[in-house]
Amino acid sequence: PEAFRSLGARRVLVHGDGLLVDTVLHEVSRACARYGGRVWHSPSWDVDVDLVFALRGADELPSSVVRAARSAGESALAEIGDGGSLGDEGFLLARDGDVTVVLADAPAGLLYGLFHVVRLCAAAFDPERPPERHRPALHRRMLDHWDNVAVHPVMGQVERGYAGGSIFWRDGRPCGDLARIREYGRLLAASGVNAISVNNVNVARTEALLLTDRLGDVAEIADVLRPYHIRVHLSVTFAAPVVLGGLSTADPLDEGVRAWWAATTRTVYDRIPDFGGYVVKADSEGQPGPFTYGRDHADGANMLAEALAPLGGVVHWRAFVYNHHQDWRDRSTDRARAAYDHFAPLDGRFRTNVVVQVKFGPVDFQTREPVSPVIAAMPATRIAVELQVTQEYTGQQRHVCHLGPWWSEVLRFAPWGPDGRAVADVAAGESGAGGGLVAVANVGDDLFWTGHPLAQANLYTFGRLAWDPRRDPTAVLDEWITLTFPPSATADPDLVRRTLHEIMDDSWRTYERYTAPLGVGFMVNPGDHYGPGVDGYEYTRWGTYHFADRDGVGVDRTRASGTGFTGQYPPYWAQVYESLETCPDELLLFFHHVPYGHVLHSGSTVIQHIYDTHFAGVEEVTAMRRRWRTLNGMIDPAVYERVAERLDEQVRCATEWRDQINTYFYRKSGMLDERGRDIY
Ligand code: GCU
């Protein structure tokens, strides 16, 4: 509530009607009731105000205040340059004398404008503030919940969830806390997210029923989130016609199957008119899919797209498809190659309401991976890039790991070479027609929403980068810190802010330092993926190996002598990654198998780099904990305690990583640490 203080003390006019305008009105009224301001809704007389929210439309304007605000907005738009449309979600912030004006073409723009004013606090009322126009770069900014309705015997209520139970489901039913879901919608809207999928991509029996018998449960969530401009999507099983419809086949080319999907989808829209569409994990890690019927992914996706098209829905068809029954003895099968091998040949075959949803890296949400080559390989397909906000491989919300800098690197990466378009441009598409940005959610029913209170910053940063991928992630983090630890609520605001930056700014790189080295990936405990398990996946069927022996480590993915994966990139990166001379250090072991004595661009050898970074990583975590302790007494004690507890665990776990990794490589290589530190 502190963040609403500045807005809540003003005189505010909200002009317009409809569900989203009502939300703006409700938010402003709530803030004004708390902080002594006043609000008017579409008054027909003139009032003295500090802030106006208005639509640009051509309806009757009885109030000269709104007329003035609009015309000030129009001239500001002209001044900015393009004067054109603000779009479905954009808004303008301008000053008209003493009044701040928020103008939009559509109600959603007013909602986002409201949260912008909240973020700016007093700065939104600065007379010198030049006009600003904001429009999201990406049209769909979506979170996928991997929430199960029934508790899964292995994965629990939320697959890869580290924040308690689900906010939607509990023990096989809706959890019923609609007020909390509404607060969640508010949180998402404030971050810029506009779509969610409410169940796990691995769809089991109970979850399959959300499409039919339990549709009412989904509709209830959609009703609660609608006022915050969030569209609800559903993960469905490809086998639905068989498991729900009693048909003998789910073959996508079968007329009966197509009719079943068309009819079922119509029923969904009867109940949820703004339903977003389906999310599908098919022929992946045991999920059913079109391969069973000798069809391909385009056949499968297009069938669902055909059912959704007349109703305005999309299919998010995931490209996370690989052989999870690999034999570690087989050196030619490379999991990194799989998504490209399956999907690139299908470019051009997908209907326009199919979005191929691609994990940002070729393997699986690792702390460091190259960008997936699929992103550059399907120019005729709408691509959504998938990130992981839930920290499956990045410390599971027990470790501080601010992922903004990592996502920013991914989104700015230019797959065709430095002068070409960036990953974010592909996700945005030509004239906004791209698939957008999607991430696996990190929220649960935990008191602090995300388990680790500082993991909230990842959720916020995801939304903000999806709105504007060019933003500096540290500036976004600064916004989050200021909103979460507002100056008036803390004893020494500068100290709190500075300390949080010191702890969080570089925390992803710190995490990288004490875990798997130089892009080699995994080395986690199998199953739960937490903590070091250097050989945990070395002889398994999952296809994630590091191939360390007494001479060297890394995966040869070159065309010259390895799996040929480098050849999946456009020429610029294919060449950079292929050559030891040009391959970036941080990805060296992803692309090459090298001797421990290999000298990096940094000047260090691989083995010495491993030792140095692992010692440094633990020192940095210890420093984080020390810094956090200086905040004792300055912030909410419950937040303080929770973070303090988790930092103890992070120090313990980082130490374990350091000692296991260092010892493992010392034993393999027999090479001593130049600095003679403790290795076991
Ligand atoms: C990872 C994760 C799984 C998940 C899968 C996916 O492999 O460990 O739990 O199902 O990604 O993205 O589908």
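The values are calculated or read from the model by the stated rules, or taken from the named source; none is laboratory data. Just so we're clear, the structure is a prediction, and the values are computed from it rather than from any experiment. Glycine gets a Cβ as well: all are built from the backbone with ideal geometry, and neighbour counts include every protein chain shown.
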Next item on the list: Could you grab me the full set of residues in the range 397-409 that are surrounded by fewer than 24 Cβ atoms within 10 Å (Cβ to Cβ) and over 15 Å from residue 505 (Cα atoms)?
Entry: 398
Notebook entry, point to check: Got a number for residues in the range 94-120 being surrounded by fewer than 23 Cβ atoms within 10 Å (Cβ to Cβ) and in contact with a Ser or Thr (Cβ under 7 Å, 6 or more places away or on another chain)?
Noted result: 1
Next item on the list: Scan (1) crowded, with 19+ Cβ neighbours inside 10 Å; (2) within 16 Å of the ligand (Cβ to nearest atom); (3) in contact (Cβ under 8 Å) with a residue 24 or more places away in the chain for the single condition residue 537 breaks and write down its number.
Entry: (3)
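So which residues in the range 506-520 are in a loop (DSSP other than H, G, I, E, B) and among the hydrophobic types (A, V, I, L, M, F, W, C)?
To start, the set of residues in the range 506-520 that are in a loop (DSSP other than H, G, I, E, B) comprises 506, 515-520.
Matches in the range 506-520: 516, 518, 520.
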Note to self: With the requirement that a residue be outside any helix (DSSP H, G or I), within 16 Å of the ligand (Cβ to nearest atom) and over 30 Å from residue 27 (Cβ atoms), what does the range 182-213 give you?
What the structure shows: 200, 201, 202, 203, 204
Item checked: Members of the range 304-332 that are part of a helix (DSSP H, G or I) and without any contact (Cβ under 8 Å) to a residue 40 or more places away in the chain -> 310
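Restricted to the range 253-280, and to residues that are out of contact with any Phe, Trp or Tyr (no Cβ under 7 Å at 6 or more places or on another chain) and closer than 20 Å to residue 320 by Cβ, which residue is nearest to the ligand (Cβ to nearest atom)? Step through it out loud before you land on a result.
If we filter the range 253-280 for residues that are out of contact with any Phe, Trp or Tyr (no Cβ under 7 Å at 6 or more places or on another chain), which is where we start, we get 253-267, 270-274, 276-279.
Applying the additional criterion that residues be closer than 20 Å to residue 320 by Cβ yields 276-279.
Working: 276: 19, 277: 18, 278: 15, 279: 10 Å.
Within the range 253-280, the match that is nearest to the ligand (Cβ to nearest atom) is 279.
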Note to self: Looking at 216, 286, 246, can you tell me which residue is more than 28 Å from residue 347 (Cα to Cα) and assigned to a loop (DSSP other than H, G, I, E, B)?
What the structure shows: 246
Check: more than 16 Å from the ligand (Cβ to nearest atom) and either among the acidic types (Asp, Glu) or at pLDDT below 95 (or both) - does that describe any residue in the range 597-609?
Finding: no
Item checked: helices (runs of 4 or more DSSP H) lying entirely in the range 559-647 (those with 3 or more residues that are surrounded by fewer than 18 Cβ atoms within 10 Å (Cβ to Cβ)) -> 571-578, 606-629
Notebook entry, point to check: Among (1) within 16 Å of the ligand (Cβ to nearest atom); (2) assigned to a helix (DSSP H, G or I), where does residue 179 come up short?
Noted result: (1)
Item checked: In the range 488-534, residue farthest from the ligand (Cβ to nearest atom) [restricted to those that are under 24 Å from residue 591 (Cα atoms) and aliphatic (A, V, I, L, M)] -> 518
Margin query: For the range 155-176, give me the residue count where each residue is in contact with a Gly (Cβ under 8 Å, 6 or more places away or on another chain), outside any strand (DSSP E or B) and either within 16 Å of the ligand (Cβ to nearest atom) or not assigned by TED's automatic domain parsing to the domain that holds residue 448 (or both).
Written below: 4
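Looking for whichever is at pLDDT 95 or above and either on the phi > 0 side of the Ramachandran plot or aromatic (Phe, Trp, Tyr) (or both) here; the options are 313, 361, 348. Which one fits? Let's see the steps before the verdict.
Numbers: 313 fails: either on the phi > 0 side of the Ramachandran plot or aromatic (Phe, Trp, Tyr) (or both); 361 fails: either on the phi > 0 side of the Ramachandran plot or aromatic (Phe, Trp, Tyr) (or both).
That would be 348, the only listed residue that is at pLDDT 95 or above and either on the phi > 0 side of the Ramachandran plot or aromatic (Phe, Trp, Tyr) (or both).
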Check: How many residues are under 24 Å from residue 516 (Cα atoms) and touching a residue at least 12 places away in the same chain (Cβ under 8 Å) when one looks only at the range 642-656?
Finding: 10
Margin query: If I filter the range 121-150 down to residues being assigned to a loop (DSSP other than H, G, I, E, B), surrounded by fewer than 24 Cβ atoms within 10 Å (Cβ to Cβ) and basic (Lys, Arg), which single residue comes out as nearest to the ligand (Cβ to nearest atom)?
Written below: 135
Check: in contact with a Gly (Cβ under 9 Å, 6 or more places away or on another chain) and more than 13 Å from the ligand (Cβ to nearest atom), is that true of residue 400?
Finding: no
Note to self: Just to be sure I understand, how many residues within the range 428-452 are among the aliphatic types (A, V, I, L, M) and more than 16 Å from the ligand (Cβ to nearest atom)?
What the structure shows: 4
Notebook entry, point to check: So which of 224, 203 ends up being of a type in the set (Val, Ile, Thr) and crowded, with 22+ Cβ neighbours inside 10 Å?
Noted result: 203
Next item on the list: Give the range 281-293 a look and list any residue that's within 15 Å of the ligand (Cβ to nearest atom) and buried (at least 16 other Cβ atoms within 10 Å of the Cβ), or say none.
Entry: 281, 282, 283, 284, 287, 288, 289
Next item on the list: Within the range 114-168, track down each residue that is farther than 30 Å from residue 219 by Cβ and among the basic types (Lys, Arg).
Entry: 119, 129, 133, 135
